[in-house]
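Beneath this line is the structure, given in structure tokens, with notes to follow.
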Amino acid sequence: MENEYYYNETVTRFYDAVYDNFPNLLSGADFYLDEIKKTEGKVLEAGVGTGRIFMPAFNSGADIYGIDYSKNMLDVLKSKIPVKEHHRVWLDDIRKFDTGDSFSLVISPFRVFQHLLTIDDQLGALNSIYNVLEPGGRLIFDVFNPDLKRLTTPVENVLEHDGEYLPGHKLQRYASVSYDNIIQQMDLKFKFIWEEGGLEKTDTFSTPLRYYFRYELENLVGRTKFTIENIYGSFNREALSSKSSDQILILKK
């Protein structure tokens with residue numbers, strides 16, 4: 001995962017403007033916030049980003065902490081919370097970390113595990129999280145459920161976002177996706193076009209993402225000490241099926 005989770009300044013700058021209005025992410029945030037609300041004890045968000053889930057949980061009184069592999073994203077999050085609370089979030093590697101503390105719940109939302117490209121990385125993350133959970137604690141994470149038709153159909157410059165990042169300042173984001181089905185990896189490329197200072201500016205960003213199938217995930221978890229409490233196919237807690245767009249795993253220590 002050398003540079004796969006490095007978010008450049010452009011991605012970080014426009015992250016909230018782009019993702020605040022994605023319907024699936026909104027329902028995902030509600031799901032995770034509900035799980036946090038039901039948790040007694042400390043919560044850790046592994047892959048906290050700019051705080052899309054962290055901030056409402058923190059503002060509602062949750063004892064929540066967060067780690068991320070991107071300093072740029074953490075800088076944005078820290079700008080949203082009082083300086084005296086900055087100890088709650090820090091730069092760390094999900095594959096090999098030890099907080100020195102234990103948690104009742106660890107969440108890793110919005111496809112964080114798809115940045116883990118190798119089995120060693122995936123097992124490293126699962127084992128590191130297991131070690132910081134209290135007995136009986138849970139890990140919840142989500143990945144998308146692969147659509148076989150999409151995996152054979154590359155995407156080129158599809159307009160995903162057309163809005164504003166500030167009042168009167170337009171922002172567009174285009175996405176291109178290609179697939180390598182032998183290594184179960186997608187190459188995701190974004191092109192940003194925005195208005196600033198009366199000029200049109202552009203920048204690009206690319207990242208590889210791993211995709212998983214159900215029994216692959218079950219076998220992966222089976223190589224750890226976790227037990228699978230549930231696998232959902234949607235953030236409405238529907239059973240996983242061939243029509244599901246998501247795979248949401250709830251694991252227990």
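The values are calculated or read from the model by the stated rules, or taken from the named source; none is laboratory data. What you are looking at is a predicted structure, and each value in this text was computed from that prediction instead of being measured. Note: ideal-geometry Cβ built from the backbone for every residue, glycine included; neighbour counts use all protein chains shown. The accessibility values were calculated without ligands, DNA or RNA, using every heavy atom of the protein model including side chains. Shrake-Rupley method; radii C 1.70, N 1.55, O 1.52, S 1.80 Å.
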* Asked: Would a scan of region 135-151 turn up a residue that is in a strand (DSSP E or B), closer than 26 Å to SER108 by Cα, open to solvent by less than 50 Å² (accessible area, probe 1.4 Å) and touching a His at 6+ places or on another chain (Cβ under 9 Å)?
  -> no
* To do: Output the qualifying pairs, or none if there are none: Cβ atoms under 6 angstrom, residues six or more apart or on different chains, first residue in region 234-247 and closer than 10 Å to PRO146 by Cα and modelled with pLDDT of 95 or more, second residue among the charged types (D, E, K, R) and assigned to a strand (DSSP E or B).
  => ASP246/ASP142
* **Whichever residue in region 12-71 is more than 15 Å from PHE103 (Cα to Cα) and among the acidic types (Asp, Glu) and, among such residues, is modelled with the lowest pLDDT** => ASP20
* State all residues of region 84-115 that are surrounded by 15 or more Cβ atoms within 10 Å (Cβ to Cβ) and assigned to a helix (DSSP H, G or I); if no residue qualifies, say none. => ARG88, VAL112, PHE113, GLN114, HIS115
* Asked: Can you tell me which residue in region 68-83 is nearest to TYR7 (Cα to Cα), limited to those that are in a loop (DSSP other than H, G, I, E, B) and open to solvent by 30 Å² or more (accessible area, probe 1.4 Å)?
  -> TYR69
* In region 42-61, which residue that is within 11 Å of the chain's Cα centre (by Cα), within 15 Å of ILE140 (Cβ to Cβ) and among the small types (Gly, Ala, Ser) is least open to solvent (accessible area, probe 1.4 Å)? -> ALA46
* Asked: Among the residues of region 135-154, which ones are among the aliphatic types (A, V, I, L, M) and free of Cβ contacts under 8 Å to residues at least 24 places away in the same chain?
  -> LEU148
* Structure fact -> Restricted to region 220-253 and to residues being in a strand (DSSP E or B) and among the β-branched types (Val, Ile, Thr), the residue surrounded by the fewest Cβ atoms within 10 Å (Cβ to Cβ) is THR227
* Any chance you could count how many residues in region 7-26 are open to solvent by 30 Å² or more (accessible area, probe 1.4 Å) and under 14 Å from the mean Cα position of the chain (by Cα)? => 5
* To do: Search region 86-105 for residues that are aliphatic (A, V, I, L, M) and pair each with any residue that is in a helix (DSSP H, G or I) and open to solvent by 60 Å² or more (accessible area, probe 1.4 Å) when their beta-carbon atoms are under 7 Å apart and the residues are at least 6 apart or on different chains.
  => VAL89/LYS78; LEU91/LYS71
* To do: Return yes or no: is ASN127 outside any loop (DSSP other than H, G, I, E, B) and on the phi > 0 side of the Ramachandran plot?
  => no
* Asked: Which of the residues that make up region 17-36 are outside any helix (DSSP H, G or I), closer than 17 Å to SER245 by Cα and of a type in the set (S, T, N, Q)?
  -> none
* **Answer residue from region 165-182, given it is out of contact with any Lys or Arg (no Cβ under 9 Å at 6 or more places or on another chain) and among the aliphatic types (A, V, I, L, M) and is most open to solvent (accessible area, probe 1.4 Å) among those** => ILE182
